[in-house]
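Engineer: If you scroll down you'll find the structure; I have some questions about it.
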Amino acid sequence: MGVHFLNVIWVALMVATVLTWLIGKTGELSTAMVVAVLVISAVKGWLIIYDFMALRRVRLLWRGLVLGWLLLTLSIILLAYWLGIK
């Protein structure tokens, strides 16, 4: 994996970070906003896991464990939000 590719990924992560910051800065708390932030967080997590943790070319078991942890964490956050608005 080349340095150029990692730089592109890094820029994408920075853009995603600014996007989530802008969503939070609006001050509007809606389900769509929460889901948007969680989806952006999932994409960021996937990019970090695959490229910066170098799990792109390892066995499926390891990728599955780490990505499963990420999805479980985001699902628990979404569930807590959903239960909180009931």
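The values are calculated or read from the model by the stated rules, or taken from the named source; none is laboratory data. The shown structure was predicted, so the numbers you read here are calculated from the model rather than taken from an experiment. Positions of Cβ are backbone-derived with ideal geometry, glycine not excepted, and every protein chain shown enters the neighbour counts.
Here is a yes/no grid of residues against (1) modelled with pLDDT of 95 or more; (2) of a type in the set (D, E, K, R); (3) touching a helix residue (DSSP H, G or I) at 6+ places or on another chain (Cβ under 6 Å):
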site: M1; (1), (2), (3): no, no, no
site: T26; (1), (2), (3): no, no, no
site: F52; (1), (2), (3): no, no, no
site: L55; (1), (2), (3): no, no, yes
site: L65; (1), (2), (3): yes, no, no
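Engineer: Shifting gears a bit: Kindly check whether there is at least one residue in segment 42-61 that is among the charged types (D, E, K, R), closer than 26 Å to F5 by Cβ and in contact with a Ser or Thr (Cβ under 8 Å, 6 or more places away or on another chain).
Structural biologist: Checked segment 42-61: at least one residue is among the charged types (D, E, K, R), closer than 26 Å to F5 by Cβ and in contact with a Ser or Thr (Cβ under 8 Å, 6 or more places away or on another chain).
Engineer: Please enumerate the residues belonging to segment 3-19 that are surrounded by 10 or more Cβ atoms within 10 Å (Cβ to Cβ), of a type outside the set (A, V, I, L, M, F, W, C) and modelled with pLDDT under 95.
Structural biologist: Result: N7, single match.
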